[in-house]
Structure formats: C-alpha cells, structure tokens
Amino acid sequence: MQVEGFFEGLGEALGRAIRFIVDMLSGVLGAMADAIDDFLHGLARAIGMDVSIFSIILLIIGLLFLFNGVRALLRRSIIGGVIWLFLGLVVMGWLIR
C-alpha cells in the first residue's frame with residue numbers, strides 16, 4: 001500500500017515539474033511572439049505598408065536590392081549600382097503607400 005502511494009507521489013511530482021517547464025516555455029515563447037508582432041506592426045506603420053508575409057518578403061527583397069546597389073557603387077560599378085538601386089526603389093515604391 002505504501003509503495004503505491006510512493007509511486008503516485010513520484011508521478012505527481014514529475015507531472016508538476018513537466019507542467020511548470022511547459023508553462024514557463026509557453027510564457028517565454030508567447031512573449032517573444034508578441035514582441036515580434038509588435039515590432040512588425042510598428043515597422044509597417046512607420047513605413048506605411050500592410051502587415052503580411054508577402055509585404056515582409058518584398059521589404060527584405062527591396063532592402064537587399066538597395067544594399068547590392070550601394071555595394072556596387074562602392075566597388076565603382078556605376079551602371080550596376082544604378083540598376084540595383086533602381087530595382088530596389090521600384091520594389092520599395094510598391095510597398096509604401
């Protein structure tokens with residue numbers, strides 16, 4: 001009889017420990033998700049674009065184009081730099097209202 005009570009108590013203690021870890025991770029990951037969501041909404045509001053995965057992908061592509069344009073200009077590739085900058089500005093112009 002005492003052996004059954006021991007294992008029941010051991011199982012209950014293990015269950016509480018697992019529940020604590022799951023609740024803690026859920027809270028941390030939920031807070032991180034809320035922070036990322038707030039960041040994306042603030043970024044979109046400041047730029048003047050909609051918050052969607054398509055808009056975020058286009059934003060990243062536009063920034064990469066602009067970055068490539070600046071890099072090309074620093075390497076003294078004027079024509080390539082102007083083309084990359086133009087493409088970046090076109091993509092960023094689509095996003096911004």
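The values are calculated or read from the model by the stated rules, or taken from the named source; none is laboratory data. Remember, it's a predicted structure, so these values are computed and weren't measured experimentally. Quick reminder, even Gly has a Cβ in these numbers, built from the backbone with ideal geometry, and neighbours come from all protein chains shown. Quick note on the areas: whole protein, heavy atoms, side chains included, nothing else; ligands and nucleic acids left out. Shrake-Rupley method; radii C 1.70, N 1.55, O 1.52, S 1.80 Å.
When the range 42-75 is examined, which residues are found to be farther than 15 Å from LEU95 by Cβ and open to solvent by less than 90 Å² (accessible area, probe 1.4 Å)? Show your work before the answer.
Filtering the range 42-75 for residues farther than 15 Å from LEU95 by Cβ gives 42, 67-75.
Once the filter is applied, which keeps residues that are farther than 15 Å from LEU95 by Cβ and open to solvent by less than 90 Å² (accessible area, probe 1.4 Å), the range 42-75 yields GLY42, ASN68, GLY69, VAL70, ALA72, LEU73.
For the range 42-75: of the residues being modelled with pLDDT of 90 or more and among the charged types (D, E, K, R), which is nearest to LEU87 (Cα to Cα)?
ARG71
Given the residues PHE39, PHE7, which is the only one that is within 30 Å of LEU85 (Cα to Cα) and aromatic (Phe, Trp, Tyr)?
The unique qualifying residue is PHE39.
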